[in-house]
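Every read-out reported here was derived from the displayed coordinates using simple, explicitly stated rules and does not represent laboratory data. Only a predicted model underlies this, so the values are computations on that prediction, with no experimental measurement involved. Cβ placement follows ideal geometry from the backbone for every residue including glycine, while neighbour counts extend to all protein chains displayed.
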Amino acid sequence: MLRRFLYSRAGKISLLPAVLLSVELLDEIVSGFPVIALPLIRTQFGLSYSQVALIFSVGALSAMLLDPIISIVSDRGSKRWWVAGGLLGLALSDFARGSAPNFAWLLLAFACGTPAGSTAVGLAQASLIDLAPGESTRSMTRWTVLGGVGDLLSPMVVAALVGIGLGWPALCWLAGTIWLLAALVVASQRFPDTRDETGSAEVVPYRDLLKGMREALRDTQLLRWGVVALVTSMLDEVFVGFVALYLHDVLHVNPALIALIMTVPMIGGLLSLLLLGRLLRRYPARAILFWLALIALVGVILLLSGRTLWLAIVALFIISVGAACWYPLAKGAM
């Protein structure tokens, strides 16, 4: 199966599947840098909690505005240059973050980096599915597992760099270099073309697009699962970032140890994802989501009810076990 997955239609070995999967792995590693190292950012720029929230909010807002436009335009040909361009945008954004002299410059860098990242990662995922449409489930399983591995590696990398005395700028320059190299590798690959046999892209009339949007807005089940998919972000990277600040400000844990502690919930999330496939063969997705939500709720209550480090670590593990599968369950139901 893997051999067939790595071969192109012409019978030659293709590195494109591995390259596309590596985009997700690298994204989960690098995107964890500003989250886990948030105490370093706050100390360097003297940020308030409101400014920290604004950093994440402005990036999410810019991505929300630009993603639909990019998604429609990029679907009319090869996605190679869109993915490579998104990776290049990530590199430039990280270089800007590392050299930011003040909060305004840092905010602008985050605002530009988030849509670039969503473009690169989202279209890399779409291209991976285009390579083998009949094996989309297997492809997404590999994608999800590699993302979990990246989540686990990210705090280890931060802990190692902080442990040798490097700070936020070094993390940014490392991230920018990684994305620059990734962009060069992606640009050298041959992507599947979505154009038809005549060589022209299939253009969907805007009237049909509007009709599809109206039908989607009337689909209550789709809207319900869409809200669930949105709620999953509440216990994702932004939550982890504020947990890092909680460990630093309330429990007085140093940044290097915070990074190591963050490997515990990442392990919990990875284990949960690995068990999800077996659970889906025995129980419906809605029932699994209900019990996972209860598990996450127990973890949050534990986190808020104590002021000891060991209790916080246990609570984070429980939260991650409960919340890691929310997004794939919601997306699968949509």
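Taking neighbour counts of Cβ atoms within 10 Å as a proxy for exposure, in what order, fewest first, do MET64, MET156, MET266 appear?
MET64, MET156, MET266
Hey, fewest Cβ within 10 Å first, where do PHE191, PHE242 land in order?
With the fewest neighbours first, PHE191, PHE242 line up as PHE242, PHE191.
If each residue's Cβ is checked for other Cβ atoms within 10 Å, how do TYR246, TYR327 rank with the fewest at the top?
Listed from fewest to most nearby Cβ atoms, that is TYR246, TYR327.
Computed over the Cα atoms, what is the radius of gyration of the stretch 1-192 divided by 2.2 N^0.38 Å, N being its residue count?
Here the answer is 1.07, to two decimals.
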